[in-house]
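Scroll down for the structure; my scribbles are underneath it.
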Amino acid sequence: MKKLSAEELQTVDTYNSHPYYAGQDQDWQAVAYRFHAIAEHIANRRVLEIGSGIGKMLPFFVQAKYEYTGIDVSTEAVKIAQAHYPEHAQQFVCMNCCELGFDEGTFDGVFAVNVFCHIPKSKALHVLGQIHQVLRPSGKLVIVMVDVSRPFEQMVTVEDLKAPNQVLLSLYTKSEFFACLKQARFRDITVHEDMMSNMYVCSK
Ligand SMILES: C[S@@+](CC[C@H](N)C(=O)[O-])C[C@H]1O[C@@H](n2cnc3c(N)ncnc32)[C@H](O)[C@@H]1O
């Protein structure tokens, strides 16, 4: 795996120690709501979830006949996802989104929910470039992230967790992330607001 910064390593350490922290507060209704919001934009063929955590999205995509692959940098989160869904275990892979190991044009759609907040802003364009490469022409990208009025990037302590409990939090204003997507050559960018989050939808 490519060298992770000290901040990224601490974040991975936190998720490896508390894999259920990823998405623990989401009930099935909330996950179903998120699935429908995302699936509306992605054709039901090959889809890649970045930062799949403990795998809550898989059953929805499988039921809707997508060919789903989930990647996550946390080995522990991936193990839990594989144990929850043994018949789909090979569809969960431990991988850092900074180096996506898929052929060019593999996916019809890529999505990430609350994952870019853990990527250093200095690497965001690189990750978007990786995603651009694995999408087929006109493939769709959907990114969900918390909305903030001021840019933010620092290590924060998740008070509810026992140490290790530090994560990198990189939060973007709408115009800031819109500009990143544009710079990464994504087209037809739209932003859908939903409570505390923004959902960015765009095409390769
Ligand atoms: C806030 S959780 C969200 C999990 C899931 N998407 C959800 O909404 O429940 C963030 C997830 O992103 C993963 N993650 C963080 N950095 C990553 C990276 N560079 N590559 C892949 N996954 C990453 C973490 O391990 C964690 O599972």
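Each reported figure results from applying straightforward, stated rules to the coordinates on display, with no laboratory input. Small disclaimer: the values here were computed from a predicted structure and weren't measured. With ideal geometry, Cβ positions are generated from the backbone for all residues, glycine too; neighbour counts draw on all protein chains shown.
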*Given Cα pairs under 8 Å that are at least 6 residues apart, what percent is the relative contact order of the chain?*
20 percent
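If you take every residue apart from residue 75 with its C-beta less than 15 Å away from the C-beta of residue 75, what net charge results, scoring Lys and Arg +1 and Asp and Glu -1?
On the way: positive: 79; negative: 8, 13, 72, 76.
Counting the neighbours of residue 75, the net charge comes to -3.
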_Loop-resident sites, the range 129-198, for trypsin sites (Lys or Arg not before Pro), counting at most 13 other Cβ within 10 Å (DSSP)_ = 162, 185
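In the neighborhood of residue 18, defined by Cβ-to-Cβ distances under 10 Å, what is the net charge if each Lys or Arg adds +1 and each Asp or Glu adds -1?
Numbers: positive: 162; negative: 13, 76, 160.
That works out to -2.
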*What is the fewest-to-most order of 197, 122 by other Cβ atoms lying within 10 Å of their Cβ?*
122, 197
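Do any GluC sites (Glu not before Pro) in the range 4-49 lie in a DSSP loop with no more than 12 other beta carbon atoms within 10 Å, and if so, which? Could the numbers behind the result be given before it?
On the way: sites: 7, 8, 40, 49; in loops: 40.
Taking the range 4-49 and a limit of 12 other Cβ atoms within 10 Å, the loop GluC sites (Glu not before Pro) found are 40.
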*With θ set to phi - 60° and the Karplus curve 6.51 cos²θ - 1.76 cosθ + 1.60, what are the ³J(HN,Hα) couplings of the range 138-150 in order, to the nearest whole Hz, using x for Gly and Pro?*
6, x, 10, 10, 10, 10, 10, 8, 5, 8, 9, 8, 10
*In the chain, lysine pairs with alpha-carbon atoms under 17 angstrom apart (chain gap of 8 or more, or interchain)*: 13
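Can you compute the FRET efficiency between residue 36 and residue 3 using 1/(1 + (r/R0)^6), with r the Cβ-Cβ distance and R0 = 41 Å? Round to the nearest 0.05. Let's see the in-between values first.
Details: r = 38 Å, r/R0 = 0.93.
Calculated value: 0.60.
In debye, nearest 20: dipole of the range 6-203 around its Cα centre with unit charges on the Cβ of K, R (+) and D, E (-)? Could the numbers behind the result be given before it?
On the way: 16 positive and 23 negative charges, 106 e Å.
In total the dipole reaches around 500 debye.
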*Cα-Cα pairs above 32 Å in the chain: how many percent?*
8 percent
*What's the exposure ranking of 155, 196, 57, 95, going from fewest to most Cβ atoms within 10 Å?*
196, 155, 95, 57
*In a shell of Cβ-Cβ distance under 14 Å around residue 151, excluding residue 151 itself, what net charge do Lys and Arg (+1) and Asp and Glu (-1) give?*
0
_At a 10 Å Cβ-Cβ cut-off, how would you order 34, 150, 136, fewest neighbours first?_
150, 136, 34
*Which value in nm describes the separation of the simple spin-label points at residue 158 and residue 10, placed 7 Å from the Cα toward the beta carbon?*
1.5 nm
*Please sort by residue number the GluC sites (Glu not before Pro) in the range 80-169 whose DSSP state is loop and whose Cβ has at most 15 other Cβ atoms within 10 Å.*
99, 104, 159
_Hull volume in cubic angstrom per residue (convex hull over the Cα atoms of the range 25-110)_ = 97 Å³
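Can you figure out the FRET efficiency of residue 150 with residue 83, using R₀ = 30 Å and their beta-carbon distance, to the nearest 0.05?
Working: r = 40 Å, r/R0 = 1.33.
It comes to 0.15.
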